[in-house]
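Chemist: Encoded as structure tokens, here's the structure I'll be asking about.
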Amino acid sequence: MAELVRFHNTVGGRESDSSTGRWLASMNPFTGEPWAEVPHCGVDDADAAVDAAHGAFVKGPWADMTATARGKLLRRLGDLIARDADKLAAIEVSDNGKLLAEMAGQLRYIPEWFHYFGGLADKIEGGVIPTDKPEMFTYTKREPLGVVVAITPWNSPLLLLTWKLAPALAAGNTIVIKPSEFTSCSTLALMALFKEAGFPEGVVNTVTGFGGEIGNALVSHPKVAKVAFTGGDATGAAVYQSAAKHIKHVTLELGGKSPNIIFADANIDDAVKGAISGIFAASGQTCIAGSRLLVQRSVYEEVSQRVVAFAKTARLGDPMEKTTQVGPITTLPQRDKVLGYIDVARGEGARCLLGGKRPEAPELAKGWFVEPTIFGDVSNEMRIAREEVFGPVLSIIPFEDEQHAIEIANDSIYGLASGVWTSSIRRAITMADKIRAGTVWVNTYRAVSFLAPFGGYKKSGVGRESGQHAIDEYLQTKCVWINLAEGVPDPFVLR
Ligand code: TXE
């Protein structure tokens, strides 16, 4: 077996391994074999990372740096990521199974977040308050929170990390990153670029290992001010609970069961492509997956057949190959979870129109693949329509009219994203008003930008990432009162 590539943590600006000397294998989802290893850290390592971040926040060059200088560092980091895009993309593909074509594009876009928030760093302004007390000069300042713990998932490690890092650093916080135990390598590789960009020691630290072992130590640590989490809703709820107990700031980006709604008046060619990109891109392992395809009854059969025909042409294969369109599932437990949901759907009486199993091609045998799978005749009451599968499994649900579509769309514990396909501007705006979700796409799907706020309604989360206001999630307001009058009046009376 080829030698495993070793990645190291960064703590206080230095390379750091686990204090117990343990290592954790990182698996390649296409070969089903380990390809790298990362430190298997424990609570002591988590404490050391928080101490380093806290030290950098309270004293040292970062604490004294101007916002303009911070912004320059962020922009330089963005440039370095662009320079190393291909290298980072290859690591992500080996570790995660995402397509090289998608990752190369993603890594060319990620620098935009660092450029944008780098630009925003010195535009964080307070205000002067015209209070009703003329003898007072009163102003506000926007200040960083302190140490931010960023807990990231395995499905899009670098992109979802970027959404946290860029605003948190622009606001002046320091960071401890806890990447997913399944996909830590790209995050650790990124650390060298922080050093090269000139970030002071301790501003960004990493600690790798299992969430169940070190997650709570990080979330409940007295020196941690905020937790920014992306992951499943059950883990998110546990993190929220622990953070509440210790009064931390929290943002949560959790799962979804997003409705992608096709009306009979839509351009059906475009809508079919939108349905495919909604569920089979990234093998359905995205929080925004349009996993419930709602189709108006009059075009239900036609759309179902065309979506199936299109999905049949999808090329499964090595994610490093340019021609591959659908890669493996990132983790073995997730592959088994997806297959389990396929059994659930069959048991509930949904009609399997495509896939429903592991592919038979021998060249895919070692990888954790699931065939693109489509179920028809799904009712919104079935578990396959209610629970997040997080894989290439589409449920097609018929609806009668606008009102019915809105009822089905909103009948979910989630509210992350949604799609509407129609040629009527009135209908597009009405649907956008009525759908309870943080994102509504009209005649498109899966568009995100550093400029546009992203986040969930209901159980899909708390807070927003990207866009100007994302920086507010990493700031707190201080109000300063300066008495301009001579003397202090009656000390027993509120002023
Ligand atoms: O995620 P977890 P899992 C959904 C998806 C998937 C399911 C489970 O449906 O099937 O979640 O995936 C860390 N304290 N999403 O189990 O557990 C963990 O180490 C603190 C949707 O892999 O949520 C990892 O770094 N942290 C999602 C991170 O939490 C803890 C993306 C996410 O892992 C912890 C991924 C603890 N007690 C999965 N336990 C999305 N919104 O995009 C675990 N972690």
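The values are calculated or read from the model by the stated rules, or taken from the named source; none is laboratory data. All of these numbers come straight from a predicted model, not from anything done at the bench. Neighbour counts are summed over all protein chains in view; Cβ atoms, including those assigned to glycine, are modelled from backbone coordinates with ideal geometry.
Chemist: Name the residue, out of P222, P200, that is surrounded by fewer than 24 Cβ atoms within 10 Å (Cβ to Cβ), without any contact (Cβ under 8 Å) to a residue 40 or more places away in the chain and away from the ligand (no atom under 16 Å from the Cβ).
Modeler: P222
Chemist: Please count how many residues of the range 320-337 are buried (at least 22 other Cβ atoms within 10 Å of the Cβ), hydrophobic (A, V, I, L, M, F, W, C) and touching a strand residue (DSSP E or B) at 6+ places or on another chain (Cβ under 8 Å).
Modeler: 1
Chemist: Are there any strands (runs of 3 or more DSSP E) wholly within the range 383-485 with 1 or more residues that are at pLDDT 95 or above and in the same structural domain as G172 (by TED's automatic domain parsing), and if so which?
Modeler: 475-483
Chemist: With the structure loaded, tell me whether T31 is more than 18 Å from P179 (Cα to Cα) and touching a residue at least 60 places away in the same chain (Cβ under 8 Å) or whether it fails that test.
Modeler: yes
Chemist: Quick check: is even one residue across the range 124-145 assigned by TED's automatic domain parsing to the domain that holds S26, out of contact with any helix residue (DSSP H, G or I) (no Cβ under 8 Å at 6 or more places or on another chain), more than 16 Å from the ligand (Cβ to nearest atom) and of a type in the set (G, A, S)?
Modeler: yes
Chemist: Output the residues belonging to the range 9-19 that are crowded, with 16+ Cβ neighbours inside 10 Å and either under 16 Å from D44 (Cβ atoms) or of a type outside the set (G, A, S) (or both).
Modeler: Quick first cut of the range 9-19, residues crowded, with 16+ Cβ neighbours inside 10 Å only: 9-13, 16-18.
Selection gives N9, T10, V11, G12, S16, D17, S18.
Chemist: In addition: Could you tell me which residue of the range 225-242 is nearest to the ligand (Cβ to nearest atom), considering only residues that are in a helix (DSSP H, G or I) and farther than 20 Å from C287 by Cβ? Please lay out each step first, then the result.
Modeler: Filtering the range 225-242 for residues in a helix (DSSP H, G or I) gives 233-242.
Remaining after also requiring farther than 20 Å from C287 by Cβ: 241-242.
Details: Q241: 10, S242: 7 Å.
Looking at the filtered set, the residue picked out is S242.
Chemist: While we're on this one: Just checking, how many residues over the range 82-108 are touching a residue at least 24 places away in the same chain (Cβ under 8 Å), assigned to a helix (DSSP H, G or I), surrounded by fewer than 21 Cβ atoms within 10 Å (Cβ to Cβ) and of a type outside the set (G, A, S)?
Modeler: 5
Chemist: Please identify the pairs in which a residue from the range 377-389 that is within 19 Å of F399 (Cβ to Cβ) has its Cβ atom under 9 Å from the Cβ atom of a residue that is of a type in the set (S, T, N, Q) and assigned to a loop (DSSP other than H, G, I, E, B), counting only partners at least 6 apart or on another chain.
Modeler: Sorted first by the residue in the range 377-389, then by its partner, the pairs are N380/S412; I384/S291; A385/S291; A385/S379; A385/S412; R386/N380; R386/S412.
Chemist: Here are some conditions: (1) within 23 Å of S460 (Cα to Cα); (2) outside any loop (DSSP other than H, G, I, E, B); (3) in contact with a helix residue (DSSP H, G or I) (Cβ under 6 Å, 6 or more places away or on another chain); (4) not small (G, A, S). T183 meets all but one. Which one does it not meet?
Modeler: Unmet for T183, out of (1) within 23 Å of S460 (Cα to Cα); (2) outside any loop (DSSP other than H, G, I, E, B); (3) in contact with a helix residue (DSSP H, G or I) (Cβ under 6 Å, 6 or more places away or on another chain); (4) not small (G, A, S): (2).
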